[in-house]
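Derivation of every value follows stated rules applied to the coordinates shown; laboratory data play no part. Just so you know, these numbers come straight off a predicted model, no measurement behind them. Neighbour counts are summed over all protein chains in view; Cβ atoms, including those assigned to glycine, are modelled from backbone coordinates with ideal geometry.
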Amino acid sequence: MKTLIPLFSAVFLTVSLVGAEGIPLIAPATNTLRVAALAPAVSQEMAVLARNKSGEAPLAAIPQVVRKVRNLEEKEIRELLTFELQRRFARDRGELEIRFNRPWKVVSMLDGPLELQLLGSPTQGLQASMSLHFQLKSNSEILGEWFQPVGIKLWSSVWIAPNVIRRGTPLSEIEPLQDRRDLIGIQEALLQLPENIGAWEIGESMNSGQVLTRRSIRLRTVIARGAMVDGIVRSGRMEITAKVEALEDGIPGQLIRIRNVRTRHEMRGRIENEGTVIIPL
C-alpha cells in the first residue's frame, strides 16, 4: 500500500506504509491503525531513503505511535457502578450486588483509564430497582452519558429470630441465629448484638426467621404497668417519698405516667430502678 507523504509545502514523497522487515502499519488482526511519527525525523528518514537507493544502507523502520481500540463491556461498567455505590451509599453495611435490567450496548473506545461519575444522587437511597445516571471519562475526555436501569441487592450477615418470640421476652432467653440476607428495604438491621444482653428484651412480637432490627429490641422493662413503686421528690437535701402507681411500662431513664395512690393525682416520673421513680419539681 503506497501513499503520498508531504515533506515541504509542495513536495511529496511516495512510500509504502510498511515498517521494518515489510510489516504493514495497519494491523488487520487488531484492526489498529499504527500512525507513523514522521514530522520529528523527516531529515533523518530522507537520508536513510537516499542511502537505500545507492545501496549503502537498508530502509530503517519508521517510528510508530500505537493507539489501541477496545470494547467497553457490561462487566466493567457493573464493577465501576458497584464500587461507586458501595463507597457513597452502602459503605460497610454489606456487599453490594448490581444486575442490569436492560442489556448494555457495547461501546468502542480508545484504550486507556476509565472514570465513572454518578450524575445526581438517589433521593431515597438505594432501592431494589432504580435507574442510574452516570458519565464516563477517559484521560479527562468525556465519552458520554447513560441512563441504566438496574436491580440492587445489599448482602450482609444479620441476626434473625429462631422461632416465634413474644414482646417482652428477655434477649438472654433466646438464641438468635445468623443468616445472610438482602438488606435493601430493611431499615436498621441489627448487625451486632448488644454487649450486655441481660439488660435487653424483645420490643415487638417476631415471627420465625424475621430479621432483628434496632427497633426489635429495647432495654429491659424494670417497671410494669400497674406496679406500686416509690415516687421521690428531691430538693437539695430534702427528700419526700410517696407510693405511686405506674400507669405504663418503662425502662431505666424513661419518663412514664404515674398516679399518687393517696390523692389520685397523675404526674410524670423518671424511672431510676426497679422500685423507684424520681418526680421532677
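For R268 and E173, what is the calculated FRET efficiency with R₀ set at 25 Å and r taken between the beta-carbons, to the nearest 0.05?
Once rounded, the FRET efficiency stands at 0.20.
With a simple spin-label model that places each label point 7 Å from the Cα along the Cα-to-Cβ direction, the separation between Q127 and R259 comes to 4.9 nm. Applying 1/(1 + (r/R0)^6) with r as the Cβ-Cβ distance of R91 and D111 and R0 = 45 angstrom yields a FRET efficiency of 0.90.
For segment 71-154, the fraction of C-alpha pairs more than 21 angstrom apart is 26%.
Within segment 125-156, which residues have the backbone N less than 14 Å from the label spot 7 Å out from N101 along Cα→beta-carbon, could you tell me? Residues passing the 14 Å test: 126-133, 147-153. Sorting D179, D92 by the number of Cβ atoms found within 10 Å of their own Cβ, with the fewest placed first, yields D92, D179.
What's the local net charge at L191, with K and R +1, D and E -1, over the other residues with C-beta under 13 Å away?
Once all neighbours under 13 Å are counted, the net charge is +1.
Packing, taken as the mean count of other beta carbons within 10 Å per residue, orders the peptides 134-141, 101-108 from highest to lowest as 134-141, 101-108. When the square roots of the Cα gyration tensor eigenvalues are ordered a ≥ b ≥ c, the ratio a/c for segment 228-278 is 1.5 or more and a/b does not exceed b/c, which makes its shape oblate. Panel order for V69, V222, by other beta carbons found within 10 Å of each beta carbon, from fewest to most: V69, V222. Counting neighbouring beta carbons within 10 Å and listing from fewest to most, the residues S172, S216 come out as S172, S216.
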